[in-house]
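The values are calculated or read from the model by the stated rules, or taken from the named source; none is laboratory data. What you see is a predicted model; the values in this text were computed from it and never measured. Virtual Cβ from ideal backbone geometry, glycine too; neighbours counted across all protein chains shown.
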Amino acid sequence: MKITNIEAFPVWGGVRNFLFVVIDTDEGIYGVGEAGLTGRELAMMGVIDHFKPLLIGKDPSRIEHIWQMLYRGGFFPAGRIVTSVISAIDIALWDIKGKALGVPIYELLGGLVRDKVVCYPHNAGRDIDELVASCKKTVDEGWKFVRWNLPEEGDIIEPRRMVRSAIEQFRAVRAAIGEDIEIVFDVHTRLDLPEVVWLCNEVEQFHPFFIEDPLRCENPDSFKTLRPRTRTPLAAGEQFSSKWEFRQLIEEEWIDYARIDMCIVGGISEAKKIAGWCETHYIKLAVHNPLGPVSTAACLQLNLACNNFGVQEQPRKPGTMLTDVVPNQPVFQDGYLLPPTLPGLGIEFDRDAARSHPFQLTELPHMRREDGSVTNW
């Protein structure tokens, strides 16, 4: 079997773009992957143009060899734009291999270690009442988790004011949903160390499942200071693009949950390596999955086969978005995703439908402090 073509499909999903990648072979088997790094689709499509002549004619079953070639072959080690494309290619190659062998990808990763994968949704509200209503709605739908972001005021994030608001949100949500529903709270890298320590210690009484991305990712060494100053579980890693960036957080055991983004970090191949490394330090997976149905399917395959799984991010129920592009999305039941039985990723990709949702140039939100300085979204 040889690779005959690789094609990018930038798809407008209504509020954002998704970038899917399809790899064709001379035996009529195709694979589909998804690239992360939302808002930089044009840059990633340029990388695909560079990679296309390297891939055509290659044996798609040599997944690790192709990964190494794409990551290291250009002399400069791959960064986030390139690793996001590598991720999509890697996922597509695993999809091809599963289809060629007639088995789901989780069978190639060692088989099922669980019968279903628990997920958390995205909750939101313009005020506490709306947030509580959103959380109660998802609980009524069967979700076992709720999750929301550090509050903001339009495009303003003023840290101390936002922390005070977050503490009140925790108090209201916990009172509304009871103790049996887990809470995930996403700081989204918006705070610095003093405010994060204050927040983590104040909300410990509400027993959060974890606080996500409490600090910026550029200097992981900052977690060395944060970790001993709070007992609240911590999760980080969604912005990392390789196992090397995860190294310090894992080896020093500064986090409790690894936020691996399979569509940025290097695909299933790299995610599986990081997961094994995490297992040796009793760190569980909380995969970052803010993307589309291909990402959901890939995350599900990994989580079904990894013993040290914690929870999968799932912004919305499968089958509620881009159903014409991916018509047979993973099955969701009572807060869990169920194992697919079809080979590969277990999904199909409709290219004509993808082309019917053309790319629209957009930019992610840009946030600022009250004094006009830049802060993280």
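Scanning the range 196-210 for residues that are surrounded by fewer than 19 Cβ atoms within 10 Å (Cβ to Cβ) and either touching a residue at least 60 places away in the same chain (Cβ under 8 Å) or not hydrophobic (A, V, I, L, M, F, W, C) (or both) gives N201, E202, E204, Q205, H207.
The residue pairs whose first member lies in the range 168-185 and is touching a residue at least 40 places away in the same chain (Cβ under 8 Å), whose second member is in a helix (DSSP H, G or I) and surrounded by fewer than 18 Cβ atoms within 10 Å (Cβ to Cβ), and whose beta carbons are closer than 7 Å, counting only pairs six or more residues apart or on different chains, are E168/I128; Q169/I128; A172/I128; A176/K136; I177/K136. Evaluate the following for W254: is it under 25 Å from N149 (Cα atoms), assigned by TED's automatic domain parsing to the domain that holds P330 and either of a type in the set (A, V, I, L, M) or modelled with pLDDT of 95 or more (or both)? Yes: the conditions hold for W254. Checked against the criterion of being under 22 Å from N307 (Cα atoms), over 21 Å from the mean Cα position of the chain (by Cα) and not assigned by TED's automatic domain parsing to the domain that holds I63, the candidates G111, G98 yield just one match: G111. Residues in the range 309-350 that are more than 18 Å from F145 (Cβ to Cβ) and free of Cβ contacts under 8 Å to residues at least 12 places away in the same chain: how many? Residues in the range 309-350 being more than 18 Å from F145 (Cβ to Cβ) and free of Cβ contacts under 8 Å to residues at least 12 places away in the same chain: 1 in total.
Can you tell me which residue in the range 298-329 is surrounded by the fewest Cβ atoms within 10 Å (Cβ to Cβ), limited to those that are touching a helix residue (DSSP H, G or I) at 6+ places or on another chain (Cβ under 6 Å) and not in a loop (DSSP other than H, G, I, E, B)? Per the stated criteria, the residue is F309.
For the range 69-108, filtering for residues that are assigned to a loop (DSSP other than H, G, I, E, B) and closer than 30 Å to D49 by Cα leaves 7. The condition of being more than 19 Å from I89 (Cβ to Cβ) and either modelled with pLDDT of 95 or more or of a type in the set (V, I, T) (or both) holds for only one of L322, L345, L302, that being L322. Looking at the structure I just gave you, is R227 in a helix (DSSP H, G or I) and modelled with pLDDT of 95 or more? Answer is yes for this residue.
Taking the range 286-299 as the range and being under 11 Å from the mean Cα position of the chain (by Cα), of a type outside the set (S, T, Y) and within 22 Å of V103 (Cβ to Cβ) as the test, the residues that pass are V287, A298, C299.
Mind listing whichever residues of the range 154-204 are in contact with a helix residue (DSSP H, G or I) (Cβ under 8 Å, 6 or more places away or on another chain) and among the acidic types (D, E)? Scanning the range 154-204 gives E168, D192, E195, E202.
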